[in-house]
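The values are calculated or read from the model by the stated rules, or taken from the named source; none is laboratory data. Since the model is a prediction, treat every value here as computed from it, not as a measurement. Virtual Cβ from ideal backbone geometry, glycine too; neighbours counted across all protein chains shown. Ligands, DNA and RNA are excluded from the accessible area calculation, which covers all protein heavy atoms including side chains. Shrake-Rupley method; radii C 1.70, N 1.55, O 1.52, S 1.80 Å.
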Amino acid sequence: MLLNQFLLLAAVLFSVGVYGVIVRRNGVLVLMSIELILNAVNINLIAFSTFWGMGGQVFALFVIAVAAAEVGVGLAIVLLIYRNKRSIDIDALDELKG
Amino acid sequence: MTGLFAAAPSAVSFDTPANIAFAVIAVVMVIAAVRVVTTRNVVHAALWLMIVLGGNGLLYLLLQAEFVAMTQFLVYLGAIVVLFLFGIMLTRAPLGRSDDLDNDQRWMGVAVSLILLVVIGYSLIKTYSDDKLTFGAVRNAGTNAQTQDLATSIFVDYLVPFEVVSVLLLAALIGAIVLARRD
């Protein structure tokens with residue numbers, strides 16, 4: 001197997017995740033797109049770990065742990081937004097626009 | 001794009017079944033990822049996301065990172081997807097089809113992600129065009145040498161970051177409780 005096939009697949013998934021972050025309005029769906037991005041990065045780390053030793057796998061585990069923490073706090077924030085505004089439309093949060 | 005991958009030059013015997021498996025997983029993952037960001041149903045998006053995460057775990061198995069693959073299945077498929085479904089439920093998102101999930105920046109999003117893909121892909125093809133993967137654990141098959149190496153690496157070389165990550169998880173747990181609690 002070539003290294004590049006994993007890296008290119010990860011690039012495709014990363015771009016799809018970026019599209020989701022830009023386009024989606026629902027806060028939960030934006031968090032899902034962020035998960036797509038983090039998983040694309042994890043594919044890169046694991047693919048490189050077959051090249052340069054175990055560091056990649058260790059950092060993939062760290063990314064998984066930090067992603068779990070991020071989803072927990074992110075969903076709590078989305079829940080607070082829902083409680084305060086009765087909707088989780090991210091585009092409606094424009095009070096700082098002046 | 002996967003047809004391009006399958007035509008790897010000078011494939012050795014291990015490569016062909018692994019390449020076929022990779023092609024199948026890659027096609028399914030890309031389709032599911034596109035459905036995550038385009039579907040009009042919030043619950044369906046979570047279920048498509050599950051397919052992407054499972055495909056990720058299978059790719060880790062293909063790359064002989066067994067422990068990370070099992071962690072992926074347990075943490076992502078077991079915990080994070082359930083967390084997303086709870087989030088969907090608690091925010092009373094429309095469970096059926098709804099047409100206001102996207103904003104009006106669709107073409108801007110397509111342009112940005114295509115430019116990103118072209119730049120990343122071009123630089124990857126320029127840089128790693130003929131690097132082959134070298135698998136260490138195949139030499140001592142039937143052992144769990146890879147996982148032992150991983151454990152040694154975590155608890156010797158990366159002990160301090162590991163402890164920091166556990167403190168971070170604790171902080172995130174307390175923070176989520178404080179944020180979501182009703183006073």
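Here are a few things to note about the model shown:
- Exercise: per-residue mean of other protein chain Cβ atoms within 10 Å, B:44-52: 3
- Note on chain B: with a GNM built from Cα contacts shorter than 10 Å, the maximum mean-square fluctuation among B:69, B:23, B:93 falls on B:93.
- Over chain A, DSSP H runs of length four or greater, each weighted -39,500 (n - 2.57), average out per residue to a 222 nm ellipticity of -28500 deg cm²/dmol.
- Accessible area, probe 1.4 Å, largest first, for residues A:1, B:70: B:70, A:1
- Span-like helix check, chain B: qualifying full DSSP H segments, with Cα axial length of 18 Å or more and mean Kyte-Doolittle of -0.5 or more, are B:15-38, B:42-62, B:106-127, B:159-180.
- Take the accessible area of A alone and of B alone, subtract that of the pair with a 1.4 Å probe, and the total buried over both chains is about 7100 Å².
- The long axis of helix A:27-52 is offset from the longest Cα principal axis of chain A by roughly 10 degrees.
- Computed with a 1.4 Å probe on the full set of protein chains, the accessible area for residue B:163 sits at about 90 Å².
- Sulfur and carbon atoms: percent of accessible area, the protein assembly as shown [1.4 Å]: 70
- Residue of B:25, B:51, B:125 that the Gaussian network model of chain B assigns the largest fluctuation, springs spanning Cα pairs under 10 Å: B:125
- Ranked by how many other beta carbons lie within 10 Å on average, peptides B:79-85, B:154-160 from highest: B:79-85, B:154-160
- With bins 10 Å wide beginning at 0, the percent of Cα pairs of the protein assembly as shown falling in each bin runs 6, 27, 33, 23, 9, 2, 0.
- Euclidean distance between Cα centres, the stretch B:70-113 to the stretch A:1-69, Å: 16
- Taken over the stretch B:15-68, the percentage of Cα pairs per 10 Å bin, counting from 0 up to the bin with the maximum distance, is 26, 45, 23, 6.
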